[in-house]
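A.B. asks: Before we start, here is the structure in question, set down as structure tokens.
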Amino acid sequence: MTAERREDIDIDLGPREDLVAHDVYTVAVERAYRGVAGGEVEVAVAAPAGRPTAEPRLEVGARYVLFLAESFDGRPRHLLNPFEAVHRVADDGSLAPVSAEDSLTLRLTREDLDAMADAP
């Protein structure tokens, strides 16, 4: 994560009636296991003011493995699933899920990521 900003995003893609506050992170892509590697992408995480959300909070400067949906119409990408789409990379390279919902959390290893990269 290299930067963060707050933005109201139209979640229904219709008339600008369904605006929801999001934290939009700029992410430097080190490696892609699927999709295009390199460069930067923007990732939007719902953060409605005053309302609890299952979406994880990310930290600028931290490293993560993210599972993202494609963006369209110039909009930031979104997490595929707030419980399984974000794993923090520790200094030793191990992965830890960010979700607070432990019963729904996907456990991911480096071997899992390598297998995804090698799959057709």
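The values are calculated or read from the model by the stated rules, or taken from the named source; none is laboratory data. For clarity, every value in this text was computed on a predicted model and none was experimentally measured. Note that each Cβ is placed from the backbone with ideal geometry, even for glycine, and that neighbours are counted across all protein chains shown.
A.B. asks: Within region 78-89, track down each residue that is within 12 Å of residue 43 (Cα to Cα) and assigned to a strand (DSSP E or B).
C.D. replies: Across region 78-89, the qualifying residues are 78, 79, 86.
A.B. asks: To continue, here is another question. Show the residue pairs that are 6+ apart or on different chains and have beta-carbon atoms under 7 Å apart, the first residue being within region 66-77 and part of a loop (DSSP other than H, G, I, E, B), the second being modelled with pLDDT of 80 or more and among the basic types (Lys, Arg).
C.D. replies: These pairs meet every condition: 69/77; 70/77; 71/77.
A.B. asks: Something else about it: Of the residues that sit in region 46-68 and are crowded, with 16+ Cβ neighbours inside 10 Å and farther than 24 Å from residue 109 by Cβ, which one is modelled with the highest pLDDT?
C.D. replies: Ranking the qualifying residues of region 46-68, first place goes to 46.
A.B. asks: Sort out which residues of region 12-31 are surrounded by 14 or more Cβ atoms within 10 Å (Cβ to Cβ) and either at pLDDT below 85 or of a type in the set (Gly, Ala, Ser) (or both), and write them in order of number.
C.D. replies: Correct list: 20, 21.
A.B. asks: Another question, then. Which of the residues belonging to region 69-94 are surrounded by 15 or more Cβ atoms within 10 Å (Cβ to Cβ) and at pLDDT 85 or above?
C.D. replies: 76, 77, 78, 79, 85, 86, 87, 88, 89
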